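Enquirer: Below is the structure I would like to discuss, written out as structure tokens.
The values are calculated or read from the model by the stated rules, or taken from the named source; none is laboratory data. As the structure is a computational prediction, the values presented were derived from the model and not from experiment. Glycine also receives a Cβ, built like all others from the backbone with ideal geometry; neighbour counts cover every protein chain displayed. For accessibility, only protein heavy atoms count, side chains too; no ligands or nucleic acids. Shrake-Rupley method; radii C 1.70, N 1.55, O 1.52, S 1.80 Å.
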Amino acid sequence: MTDPTAAARDEPFDPEVLASAEVYRGAVWGILEDRIRYGDGEIVRQYIDHSGAAAVVAMDEDGRVLLIQQYRHPIRQRDWELPAGLLDVVGEDPMDAARRELAEEADLVATGWEPLVSTYTTPGSNSEIVHIYLATGLSPAGETFARTDEEADIRLAWVPLHEAADGVLAGRLRNGILAVGVLAAERRLSSTGRQSRGA
């Protein structure tokens, strides 16, 4: 018997948008309200119109992943995350954004870059897609970046990849992008035999 989920795949669907308006514009994001034709009726949905983002699973030669901790106001926590940031310019290459964020948040550059996985963070409420990359061959950046606001007191930690994955599954590390990136990296590296000594 064929497993119906073996080739499961997200699929595009484009219902008719009857009306669309920006109902709020903040410093970073706007909120859209769309009225769409769906099935035999109409529905209204409000959502954050997001520019997208890039994140980095930065691995050193000892198989450790770089985690950063910073304050996130909506959840009132200092959560552990991957270096990540918004696609600041329309049409920006996500890998270029990933390189920038690794330099700005961790003062690091990398010689090895691989697309790892892309994920929609919360598709019921915003359009954000995050492109996550595996970065290896790390070395200090040529300059140290000034950090402000929540980034001013960022903490950095190098954690063995399997310990980070254990932290995700135990519920100690609950950032969604970190969870997807760490588990994807563990899967990728174990399948290629690179995990014990990094990538």
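Enquirer: Determine ³J(HN,Hα), in whole Hz, for all residues of region 104-116 in sequence, where each value follows from phi through the Karplus function 6.51 cos²θ - 1.76 cosθ + 1.60 and θ = phi - 60°; x replaces Gly and Pro.
Expert: Here the 3J(HN,Hα) series is 6, 9, 10, 6, 10, 10, 9, 9, x, 9, 9, x, 9 Hz.
Enquirer: Can you give the local net charge around Glu33? Use residues other than it whose beta-carbon is closer than 11 angstrom to its beta-carbon, Lys and Arg +1, Asp and Glu -1.
Expert: Numbers: positive: Arg35, Arg45; negative: Glu22, Asp34, Asp49.
Neighbourhood net charge equals -1.
Enquirer: Expressed as an acute angle from 0 to 90° and rounded to the nearest 10, what is the orientation of the C-alpha long axis of helix 161-170 relative to the principal long axis of the chain?
Expert: 40
Enquirer: Relative to the Cα centre, what is the charge dipole magnitude of region 1-146, using +1 at the beta carbon of each Lys and Arg, -1 at the beta carbon of each Asp and Glu, and rounding to the nearest 20 debye?
Expert: Working: 11 positive and 27 negative charges, 88 e Å.
I would put it at about 420 debye.
Enquirer: Give the carbon-plus-sulfur fraction of the accessible surface of region 1-97 in %, rounded to a whole number; probe 1.4 Å, heavy atoms of protein chains only. Let's see the in-between values first.
Expert: Details: 3360 of 6620 Å².
Of all accessible area on region 1-97, carbon and sulfur atoms account for 51 percent.
Enquirer: While we're looking at this one, here's another question. Could you please state, rounded to a whole Å, how far the C-alpha centre of region 77-131 is from the C-alpha centre of region 48-72?
Expert: If you average the Cα positions of each part, the centres end up 7 Å apart.
Enquirer: Considering Cα pairs under 8 angstrom that are at least six residues apart, work out the relative contact order of the chain and quote it in whole percent.
Expert: Values: 371 pairs, mean separation 44.5, N = 199.
In percent, rounded to a whole number, it is 22.
Enquirer: May I ask you to give the solvent-accessible area per residue for the chain, in square angstrom, as obtained with a 1.4 angstrom probe?
Expert: 61
Enquirer: Picking from Ile36, Ile177, Ile75, which is most flexible by a Gaussian network model of the chain using Cα springs under 10 Å?
Expert: Checking each option, the largest mean-square fluctuation is seen for Ile75.
Enquirer: Let me ask something additional. Which of (1) 10.6; (2) 14.7; (3) 14.1 is the computed mean projected area of the Cα convex hull in nm² for the structure on display?
Expert: (2)
Enquirer: In addition: Go through Gly181, Ser20, Leu169 and say which Cα lies farthest out towards the positive end of the charge dipole of the chain; charges sit on Cβ, +1 for Lys and Arg, -1 for Asp and Glu.
Expert: Selected residue: Leu169.
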